[in-house]
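I have placed the structure first, in the form of C-alpha cells, so that the comments after it can refer back to it.
None of the figures in this text is laboratory data; all of them are computed from the coordinates on show. Note that the structure is a prediction, hence the values are computed from the model and not measured. Positions of Cβ are generated from backbone atoms using ideal geometry, with glycine treated the same way; all protein chains shown enter the neighbour counts.
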Amino acid sequence: MPARAYWQGQIRLALVSIPVEIYSATKSGASVSFKQIHEPSGKPVHYEKVVTGIGPVDPDEIMKGYQVEKGEYVLLQQDEIDAVKLESKKTLELTQFVDATDIDVIYYEKPYFVVPADDLAEEAFIVLREALKRTKKVGLGQLALRGREYVVSLKPCGRGMVLETLRYADEVNKASGFFRDIGETKPDEELLDLAEALIAKKTGAFAPQEFHDRYVDALKDLIERKRKAKGGKIIEDKDDGAPAKSSNVVDLMAALKKSMEKPGATAAEAANDAAPAKKPAAKRVAKAAVAEEPAAKKAPAKPAARKRA
C-alpha cells in the first residue's frame, strides 16, 4: 500500500461515521514524453515566468489572482484558499443511493480505492460494503479534493470499495445534439440476429493485460531506429488513418455471415470478403502480338532481253 493516502477523512451514513483513506486506483501508463531541444546546441529549452515590461520574476513574488474586470484582479494567498471551510474536505456524507445503471458512463471521471483507516473502522466499513452489495446500490455524496468539490459515487470492489469522481451536469455535452441526424429506422430482424450471434461468438472475460498501447510501442521502435541511424531521417509511409473507401457496396448480410464463418475475422476482413469480386479488366492486346498481314507477292522479274546477233 502506498505510504501516503490521497485523502483521509470519514464516510458518514446518518449517525454512523467510518474513518477511511483513499488511494489513487490508476497510474500513468508507459507513455513516451518528449522535450523541446535547441537543435544547434542540442540542449533542452527552459521556460521562465516573465511579466510584460519587467521580464523574469521571482517565484516568491507570484500570487493567484481572479480577474473581476479587464486588467483588475483580486489577489489571494495560497493559505487563504486553503483556509476556506467546507465540510466535505474531511467528510463524505452519503446523501443518496441509486442503481449503478442509473449513472451514465459519461459522468464517471477517476477511480480511487477506499480502505478503512484502522482496525476499529473495519467492522462498520464491511457492513456498508456488504449492504451496498446486497442492495446493488451505489452511494452518492460530495467530496472536496485538491482545490475543488466533486460529486462522488461509492461502490463495493472485492474486499474494499471504490470511490469515483463524477462530472457535474454542466460539464457534460448533451448527446442529442450529436445524435439527432441518426435515423430511427428499425433494423432488419435477420441482420440483428446475425449481429447478436457474432457478439455471442466473440464474448469472453475482460482481460486488460491483453491490450497495450501500440502507438507507444511504435514510437519506441522509431526512437531505437533513429538512434541506430545516428540522426538520419526516418519517415514512415503516410496514412491518414481513414478507412479505405471501396467502390463496391458491401452486402451487410453477406459480411455478417462471413464473419460468423471465419474465426477471429475482423470487420474489415469480413467486409472485404463479402464485397462482390471485381470483373477482370479486359486484356490489352500488345501491338507486338498482333499478327502482321503477309507481304504482297512480288511480281516475277522479266526475263532479260536476248542480245541481237
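Between ASP60 and ALA83, the simple label model (points 7 Å from Cα in the Cβ direction) yields a spacing of 2.1 nm. Rounded to the nearest 20 debye, the dipole size of region 27-150 about its Cα centre is 500 debye, using +1 on the Cβ of Lys and Arg and -1 on the Cβ of Asp and Glu. Cβ-to-Cβ counts within 10 Å put VAL114, VAL138, VAL57, VAL162 in ascending order as VAL57, VAL162, VAL138, VAL114, the fewest first.
Residues whose amide H lies under 5 Å from that of LYS110, counting only those 5 or more places away or on a different chain, are THR165; hydrogens are built 1.01 Å from N in the peptide plane. The mean sequence separation of alpha-carbon pairs under 8 Å and at least six residues apart, normalised by the residue count of region 136-241, gives a relative contact order of 11 percent. Footprinting exposure proxy ranking of PHE97, PHE125, PHE178, fewest other C-beta atoms within 10 angstrom first, gives PHE178, PHE97, PHE125. As a quick test, which of the pairs LYS43/LYS233; LYS27/LYS233; LYS186/LYS258; LYS64/LYS85; LYS110/LYS133 have an alpha carbon distance above 26 angstrom in this structure? Exceeds cut-off: LYS27/LYS233.
Excluding residues fewer than 8 places away in the same chain, name every one of the aspartates and glutamates whose C-alpha is closer than 20 Å to that of LYS174. By straight Cα distance, LYS174 reaches ASP102, ASP104, GLU109, GLU184. Peptide packing: for 216-228, 39-51, 149-161, the average count of neighbouring Cβ atoms within 10 Å per residue gives the ranking 149-161, 216-228, 39-51, highest mean first. Each of SER41, GLY55, ILE11 was scored by the projection of its Cα onto the charge dipole of region 1-63, and the greatest displacement toward the positive side belongs to ILE11; charges sit on the C-beta of Lys, Arg, Asp and Glu. Hydrodynamic analysis of region 97-169 uses the Kirkwood radius over alpha carbon pairs. Inserted into Stokes-Einstein at 37 °C and 0.692 mPa s, it gives a translational diffusion coefficient of 255 µm²/s.
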